[in-house]
Amino acid sequence: METRDLTRPRGPIVIDIENITKDYVMGEETVRALRGVSLKIHRNEYIAIMGPSGSGKSTLMNMLGCLDTPTSGRYEFNGKNVAEMNDDELAAIRNREIGFVFQTFNLLPRSTSLRNVELPLIYAGIDPETREQRAAEVLADVGLGDRIHHKPNELSGGQRQRVAVARALVNRPSIILADEPTGNLDSKTGEEIMALFEDLYQRGNTIILVTHERDIAAHARRTVHLRDGLIESDHAGFIPEIDMATVG
Amino acid sequence: MLFKEIIKMALSSLGVNKLRSSLTMIGITIGVFSVISVMTAIGALQYSIEHGISFLGSNIFQFAKYPANVSASGDVREKYRNRRNISYQQALHYYRLMEGEAREICLKCFAYEVKGQAVYNGVKTTPSLLIVGSNRSFLTANAFTLGYGRNLNDEDVELSRRVIVVGKMVEKRLFPHETPINKVIRMSGHTYTIVGVLAEKGTAFGQSQDDICIMPITRFFEDYGEAKRTVNIATQAFSADTYNRTFDKAIGAMRIARGLRADQENDFEIYSNDSLKSAFVSIAGVVRVGAFVISFIALVAAGIGIMNIMLVSVTERTKEIGIRKSIGARSRDILRQFLTEAVFISEAGGILGIVLGIIVGDMLAAWLQAELIFPYGWAITGVLVCSAIGIGFGLYPAYRAASLDPIEALRYE
């Protein structure tokens, strides 16, 4: 494991959320998934968000990923107020500022790696030549230069996740938001993917890792623990004892 | 997003379910095909009729009990049925009044109720002969030509001779190796001597015109009865110049023959090329409306098919929609994508229907010996209607797809 560079200077703030809450109305009952969460994430941070199921971890991730808006509170993304954006503006933020990596890869099954990686560029309105060139470059970057015309079912799990990472990167987003990126992979392949994230981090990307696995979270430089819709702890580095207690 | 991209996406999604897409498409094809083929055939016929084809021989008009357009029902039909038949006596009266005023006056009577079967030496024709009682003018008035032998003459009619002029079919069936002239055939229990054979005429409007035999009208009445028959009278003017004068005189003569007073309406129908044209146009109008209604129903059904398949598709592809939204597709991008698929199915089906419809319609027109046409107006209408169907029936599924919540959609398995 590499040394953790805690002395690295902090970049500008990318994500600034303050006291956000999220309520879901389920029939008669109101579920308070987030009860007032505040968090600042700087450029080129590598942060893990941990918490048991029901802690509000997924809700926070959806919020950070601009898939959802908070019930109350303030959310600024690169200084823009996300909480008050409409669906189209949120879509534009997701397209340009956020790269998603999912547990189940979420590739389009009938499209080649190249087409999958091109997809965000299509919605960004980039012309076909530039698009194809950039997608091929990013695929080469993640080590799949020879697999660009393969479809997902012709690739291994690790390769599929690399395609997903390439897709997340292709629009040069401000953050990469990975939700249990190794959950569907064996531990060896999982480590390879984590090495890829480490590499991306070293190259200046901002990575938000949502996971409940300690050894995965251990790759991050900062760990946020959630419990019952509140931040329980927020530490630089990784504190195994607290994590033990949280995951139980 | 670029239009080309949307088309590409739509094509690739449709390609995944080729069978399903094609079946849905065929619904539209059938609807469009039915209207385009009928409109093409009718358009071709109408074009031909307006540009010279004549129903009757040149300068000919005809009197009959029933009108050409007997599509009318109920009271109108009843009105014609209750008319007096045109009797042979009246027809003869007319004939005498018009003698010298016209080139040909053909009195004719058809035994539609008898399926004529000619027998010679134990060999039989199919029981499909049309038996006609007429006079020497039948050939000219009905555009037949004599192959060989002789035509009926006035004496045959006067003496009600047992002579007969037969169509080509009779010769082919009964006399493959010998001349039929002066041979005696049996038909419906009567014997006739063949005096002439018609030249081959082929089929018109799908019916063979060679299954015919013509005997003197007087002989016809003796053998097949006169009581309930009505005589048709075809009159040919000497020339186009005298047509109108002959026409007016003929109507006067017919009124006298029928014993009509000045204040009574004509109780007979007058067929001329003009009246047949207008009869055709009115029939064509009815057929057009019919074809229109049928294809409208077919298209609505096909449209519902599209909507159904698109709804299924939206459900199946919920995950895909979630993925697209998570990486930045706006609702309107998703809407456009699904709408394009619906329009594409509809358009492809429609264009196939237009092409097939024009081909079949023109084949029909060719078979009816009409000019071939390309119905631009209907083709363009077809394309527009198909777009409207695609948009109309694709809008709701596309809207459903577009308004899916990305989080829910991503979670869908």
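Distant-in-sequence amide contacts of A:GLY11, defined by a placed amide H-H separation under 5 Å and a gap of 5 or more residues or a different chain, comprise A:ARG43. Counting neighbouring beta carbons within 10 Å and listing from fewest to most, the residues B:ARG150, A:ARG147 come out as B:ARG150, A:ARG147.
Relative to the longest principal axis of the Cα atoms of chain A, the long axis of helix A:87-97 makes an angle of roughly 70 degrees.
Note on region A:127-168: with charges restricted to the Cβ of Lys and Arg (+1) and Asp and Glu (-1), its dipole about the Cα centre is near 260 debye. Ranking B:MET254, B:PHE238, B:LEU152 by Cα position along the charge dipole of region B:60-271, where only Lys, Arg, Asp and Glu carry charges on their C-beta atoms, puts B:LEU152 farthest toward the positive end.
Extension gain, B:PHE292 to B:LEU23, is 94.6 nm, computed as 0.36 nm per intervening residue step minus the present C-alpha separation. Listed from fewest to most Cβ neighbours within 10 Å, the set B:ASP223, A:ASP199 follows the order A:ASP199, B:ASP223. The C-alpha atoms of chain B define a longest principal axis, and helix B:273-316 lies at about 20 degrees to it. Taking the Cα centre of region B:60-271 as origin and assigning +1 to Lys and Arg Cβ atoms and -1 to Asp and Glu Cβ atoms, the resulting dipole is close to 400 debye.
Taking each of B:LYS228/B:LYS277; B:LYS108/B:LYS168; B:LYS108/B:LYS201; A:LYS151/B:LYS4; A:LYS22/A:LYS188; B:LYS65/B:LYS172 in turn, the alpha-carbon distance tops 25 angstrom for B:LYS228/B:LYS277; A:LYS22/A:LYS188; B:LYS65/B:LYS172.
Taking a cut-off of 20 Å, what percent of all Cα-Cα pairs in region B:97-206 are separated by more than that?
Roughly 40 percent, once rounded to a whole number.
At R0 = 22 Å, how high is the FRET efficiency between A:ARG110 and A:ALA195 if r is their beta carbon distance? Nearest 0.05 is fine. Efficiency, from the Cβ-Cβ distance: 0.15. The separation of region B:234-290 from region B:309-355, counted between C-alpha centres, amounts to 60 Å.
Residue-wise HN-Hα couplings along region A:78-85, as the Karplus relation 6.51 cos²θ - 1.76 cosθ + 1.60 with θ = phi - 60° gives them from phi, are 6, x, 9, 7, 7, 4, 10, 7 Hz; Gly and Pro carry x. Database remark: amide H of A:TYR46 closer than 5 angstrom to the amide H of A:ILE207, A:ARG221, A:ARG222 (H placed geometrically; neighbours at sequence offset of 5 or more, or on other chains; Pro and chain starts carry no H). Across region B:321-335, rounded Karplus estimates of 3J(HN,Hα) from the backbone phi angles (6.51 cos²θ - 1.76 cosθ + 1.60, θ = phi - 60°) give 4, x, 4, 4, 5, 5, 9, x, 6, 7, 3, 6, 5, 5, 4 Hz, Gly and Pro being marked x.
Between A:LEU230 and B:LEU92, the modelled label-to-label distance comes to 12.3 nm, taking each label 7 Å out from Cα in the direction of the beta carbon.
From the largest down, region B:60-271 spans 59, 40, 33 angstrom on the principal axes of its Cα atoms.
Between helix B:88-98 and chain B there is an angle of about 80 degrees, using the helix long axis and the longest principal axis of the Cα atoms.
Largest mean-square fluctuation among B:VAL35, B:VAL166, B:VAL184, in a Gaussian network model of chain B whose springs join Cα atoms under 10 Å apart, belongs to B:VAL184.
When the Gaussian network model of chain A links Cα atoms closer than 10 Å, the mean-square fluctuations of A:ARG227, A:ARG115, A:ARG32 top out at A:ARG32.
Each residue, B:GLU99 and B:ALA262, gets one label point 7 Å from its Cα in the Cβ direction; the gap between the two is 2.9 nm.
Ordering B:SER387, A:ALA164, A:LEU108 by the projection of their Cα atoms onto the charge dipole of the protein assembly as shown, which places +1 on the Cβ of Lys and Arg and -1 on the Cβ of Asp and Glu, puts B:SER387 at the extreme positive end. Scanning residues 5 or more positions from A:SER233 or on other chains, those with amide H under 5 Å from its amide H are A:HIS225, with H placed 1.01 Å from N in the peptide plane.
Its alpha carbons considered, chain A gives a radius of gyration followed by a Dmax of 17.8, 54 Å. Nearest 5 is fine: what % of DSSP beta bridges in chain B come out antiparallel, could you say? Close to 75 percent.
With no solvent and one point per C-alpha, what does the Debye sum give as log10 I(q)/I(0) for chain B at q = 0.07, 0.11 Å⁻¹? Taking Cα atoms of chain B as identical point scatterers yields -0.54, -0.88. Exposure here means at most 13 other Cβ atoms within 10 Å; with chymotrypsin sites (Phe, Trp or Tyr not before Pro) in a DSSP loop as sites, the longest stretch of chain B lacking them is B:206-413.
Dipole check for chain A: with +1 at the C-beta of Lys and Arg, -1 at the C-beta of Asp and Glu, and the Cα centre as origin, the magnitude is about 320 Debye. Positive end of the dipole of the protein assembly as shown (Cβ unit charges, origin at the Cα centre): among B:HIS177, A:ALA33, B:GLY349, the Cα lying farthest that way belongs to B:HIS177. In this rough spin-label picture, where each label sits 7 Å from Cα along the Cβ direction, the B:GLU78-B:ALA366 distance is 4.7 nm.
Of the residues B:ALA302, B:ALA143, B:ALA398, the one that moves most in a GNM of chain B with alpha-carbon contacts below 10 Å is B:ALA143. First check a/c for the protein assembly as shown, with a ≥ b ≥ c the square roots of the eigenvalues of its C-alpha gyration tensor; if it is under 1.5, answer rounded, and if not, answer prolate when a/b is larger than b/c or oblate otherwise. Prolate, since a/c reaches 1.5 and a/b exceeds b/c.
Any read-out appearing in this document is the output of simple, stated calculations on the displayed coordinates, not a laboratory observation. Predicted, not measured: the structure shown is a model, and the values here were computed from it. Every residue, glycine among them, receives a Cβ derived from its backbone with ideal geometry; neighbour counts consider all protein chains shown.
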